[in-house]
Amino acid sequence: MSKNYSAQPAMTLPRKGLSLPNPFTLGTYRVFQRNRDVFLKLWKTELWPPIVEALLSLFAFGFGLGVYITQVNGQSYIQFIAAGLIFSSVLFTASFECMFGTFIRMQQEKVFDAIIATPVSIEEVVSGEIFFAAVRATFNGTCVIAVMAVLQLTPSWWVLLVPPLALLTGFLLASIAVVVTSLVSSFTSFNYYITLGVIPMQLFSSVFFPVSQLPENVRWVAYLSPLYPAVEAGRSLYMGDIHAGLLLNLVWILALTVVFYLLAVNLMRRRLIK
Amino acid sequence: MTTSNPQIGLDLNRAAPPDQAIVVEAKDLRKSYKNFEAVKGISFQVFQQECFGLLGPNGAGKSTTIRMLNCVSPISGGSLTVLGQSVTENIRLIKSQIGVVPQDNNLDTDLTVLQNLQVYARYFNIDKKEATRRADEVLELFQLTDKRNNKTDEISGGMKRRLVIARSLINQPRLIILDEPTTGLDPAARQVVWQQLRLLRDRGVTILLTTHYMEEATQLCDRLVIINEGRIMAEGKPRDLVRRLVGYEVIEMRLPEAERQELLPLIANRPILVEEAGDMLYLFGQQTHAFHNLTLPEGNYRLQRHASLEDVFLRLTGRGLAES
């Protein structure tokens, strides 16, 4: 039966001012459930690609490139690249879900309009979208870990903390993608963010090679990349190399997440509530 | 020649019948965007168990008003209460008690008909068992039971429309707000929708709808307002509006310019209103026997018929296409 809505956080439509929503509400979960249900309807086409992709990339990089590069910073190259590929996978999954997926649901299928006619708010719709993308990204990233575990190439139990870090990173990258989506009028505009945002993040965030390989005067690109602290922290956890710097990475990711989440929610509300 | 000017004294007749509670109340409601005012101060009331129509040409402000009623667009001025709650306050409470039928069929195309209803019910925190029971009930109501397990992109446009209307009933709303509910439906499907809406009203549900179809408004609406350019032009029962603003009978004809001059003396002492629109001439008989024993010049085309809501609509909103 229907629950009493007065028991839930009051919801109003302020005309101006910043919205500071709680991302952990029942409404957010409802939107997450909606996306999950549609996704699982399509599981035959959606579920296997990340596993195969993980296998192919690890094979190509690990056994292809790995022949020439045997050691990076004292690790085998396949382990170095595995940690990178986890977060590269998180980057692509979260970004594309909240660019193309969100745009289709918002603009073409008008799913958002249907949902905000119910007691679920626009803030909850946006939060649900981001959560779903983050969970999907975590699943895809974890496929890489699973493959490495099967190959007995996971040296430490600390690796179990990588999925939670992937979830947080996915949340951040999905928020950034929603910010982009809230500003574009058509699909083609996504090219700007893909070419100038997603691809450079993948290439220069220490996924394929350590940032120390970059000429000193361009290293700042990596330090600006929101993916970089995640890859660094993820790689340390993967190898079981626990040190205080991890905490600094985590704080930085959290701070970026708060900023981009608030931007995402407010920009989307500005776009949809007129 | 007198070209009629729709200068209508609004006989609003506002007093609510004693047993009818007010479900929607707009007072001087306004909505402005950056450089344009879509709704310029409208006031109306909708009473319980009534079917209330919002009529107007494209761009009149109907959908904007609907969006404010649905609590998805903040009001810019005046006040608006729905089910006793202001739309500027706890809108979750309002939204949990209304049913919304948008202009677009925004269904989940990857899900089946039944799943669409179940997922929608979940937004209202209705548990799955209860949702399925209610879903089957509303599918029956709109003759969609056969399509229960079809994906929604496999069913016809008319069925999608009916499904969207069925979906709006899943939370057992006290008020249903429909934006052009039967646009795109064939005549038979339209009849099904009208019947179900009347049944719902008889069960105590209040209905507020917008429409372009005057026949729909005549068939369904107990009361209506006609909106043009963000303002209310007239309000009342469809039949009363027709009587008051156009009359009983209408003669429409095409007449050469020269012969139009001969017309005036013929009708001078009769309760007849004349309106020119392009090459058409409309004579509105404002009493039952206005046209009795009247001999008119032979036009190229002539038709005598009962006055309808369409005449009211066109008189008030203009016959031009004012879409900007």
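The values are calculated or read from the model by the stated rules, or taken from the named source; none is laboratory data. Values in this document were obtained by computation on a predicted structure and should not be read as measured data. Note: ideal-geometry Cβ built from the backbone for every residue, glycine included; neighbour counts use all protein chains shown. In case anyone asks, the SASA skips ligands and DNA or RNA and just uses the protein heavy atoms, side chains included. Shrake-Rupley method; radii C 1.70, N 1.55, O 1.52, S 1.80 Å.
Details
To keep it simple, each residue is scored yes or no on (1) away from every other protein chain (no Cβ under 11 Å); (2) assigned to a strand (DSSP E or B); (3) at pLDDT 80 or above; (4) within 18 Å of A:M148 (Cβ to Cβ).
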position: A:S2; (1), (2), (3), (4): no, no, no, no
position: A:M11; (1), (2), (3), (4): no, no, no, no
position: A:K16; (1), (2), (3), (4): no, no, no, no
position: A:F39; (1), (2), (3), (4): no, no, yes, no
position: A:F63; (1), (2), (3), (4): yes, no, no, yes
position: A:A83; (1), (2), (3), (4): yes, no, yes, yes
position: A:S88; (1), (2), (3), (4): yes, no, yes, yes
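- You will find that of A:F204, A:F209, the residue that is more than 19 Å from the chain's Cα centre (by Cα), open to solvent by 10 Å² or more (accessible area, probe 1.4 Å) and aromatic (F, W, Y) is A:F209 and no other.
- Just so you know, in the stretch B:152-186 the residues that are outside any helix (DSSP H, G or I) and acidic (D, E) include one that is most open to solvent (accessible area, probe 1.4 Å), and it is B:D186.
- Condition met for B:V100 (within 11 Å of chain A (Cβ to nearest Cβ) and out of contact with any helix residue (DSSP H, G or I) (no Cβ under 8 Å at 6 or more places or on another chain)): yes
- Within the option set A:V90, A:V72, A:V150, being farther than 30 Å from B:P74 by Cβ and open to solvent by 50 Å² or more (accessible area, probe 1.4 Å) holds for one residue only, A:V150.
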